[in-house]
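The values are calculated or read from the model by the stated rules, or taken from the named source; none is laboratory data. Fair warning: this is a prediction, and the values are worked out from it, not measured in the lab. All Cβ positions, glycine included, derive from the backbone under ideal geometry; neighbour counts span all protein chains shown.
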Amino acid sequence: MRKNLVFNDHRCSSEDVRSKAIAAAREWNQCQQKPSADPKRAARPLMLIAGAATVRSDAAWNEVNQIAGLGWTINDDGVCSSFSAPEHFVRSPLMAEGLALRRAILQCKEIGISKIRCESDSSTLIKSLNLETSAAELYGVVTDIIELASSFDSISFVWIPRERNVVADGLAKLVLSVELAIMTPTNIE
């Protein structure tokens, strides 16, 4: 049985609507452009670079409120600085990880650091950055990070085990807990 759909006095069969939706989705996928290859990015080594600052990032996420705590450290010439920030309207823990790394890289750019080694315990994020292919949910943030990467003399993205990322993890959890506490004030008598 063929069903007709009506929208703004225009009739379409369900098969026509489905076919047009599939064609539009294919067209959208084909129009998605990968960031242009950058010679600086292609030449990036995955080892310790002399004089490079080590950046470690992590995130904590609250599904109910869709809030993330972002934490990152920057170790430059033996001086370790810690940073954290809350982020609202975050849809997944993976997106939170990407946002944390993007914030850390932006911080390095603002400070004027030109060589960085980015470390994260999110293997999916690191693979997305090194292969320049990502899950749909990470597409925008990976594109942003790759674009930011072109402003550094050298940059690398390295996976590290969770045990080596405890400081950034603690910062992310702390800022998330503070943000959640602000959202749910307690009654004090």
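Have a look at 72, 61, 159 and point out the one that is over 28 Å from residue 180 (Cβ atoms) and of a type outside the set (Val, Ile, Thr). Every option except 159 fails the conditions. Under the condition of being out of contact with any Leu (no Cβ under 8 Å at 6 or more places or on another chain), over 18 Å from residue 68 (Cβ atoms) and of a type in the set (Ser, Thr, Tyr), the residues counted in region 140-189 number 5. Filtered by the rule that a residue be under 19 Å from residue 121 (Cα atoms) and polar (S, T, N, Q), region 136-186 gives 156, 165.
The requirement of being outside any helix (DSSP H, G or I), basic (Lys, Arg), within 23 Å of residue 53 (Cβ to Cβ) and modelled with pLDDT of 95 or more is satisfied by residue 117. What residue, among those in region 84-114 that are in contact with a Gly (Cβ under 7 Å, 6 or more places away or on another chain) and part of a strand (DSSP E or B), is nearest to residue 130 (Cα to Cα)? It comes out as 84.
Take the residues in region 136-166 that are in contact with a strand residue (DSSP E or B) (Cβ under 8 Å, 6 or more places away or on another chain) and among the small types (Gly, Ala, Ser), then tell me which one is farthest from residue 84 (Cα to Cα).
First, the residues of region 136-166 that are in contact with a strand residue (DSSP E or B) (Cβ under 8 Å, 6 or more places away or on another chain): 149, 152-160, 164-165.
Right, trim to among the small types (Gly, Ala, Ser) and you get 149, 154, 156.
Details: 149: 21, 154: 24, 156: 22 Å.
Among residues in region 136-166 that are in contact with a strand residue (DSSP E or B) (Cβ under 8 Å, 6 or more places away or on another chain) and among the small types (Gly, Ala, Ser), the one farthest from residue 84 (Cα to Cα) is 154.
Of everything in region 120-151, what is within 23 Å of residue 54 (Cβ to Cβ), of a type in the set (Ser, Thr, Tyr) and surrounded by fewer than 20 Cβ atoms within 10 Å (Cβ to Cβ)? Give them in sequence order. Passing the criteria: 123, 124, 150, 151.
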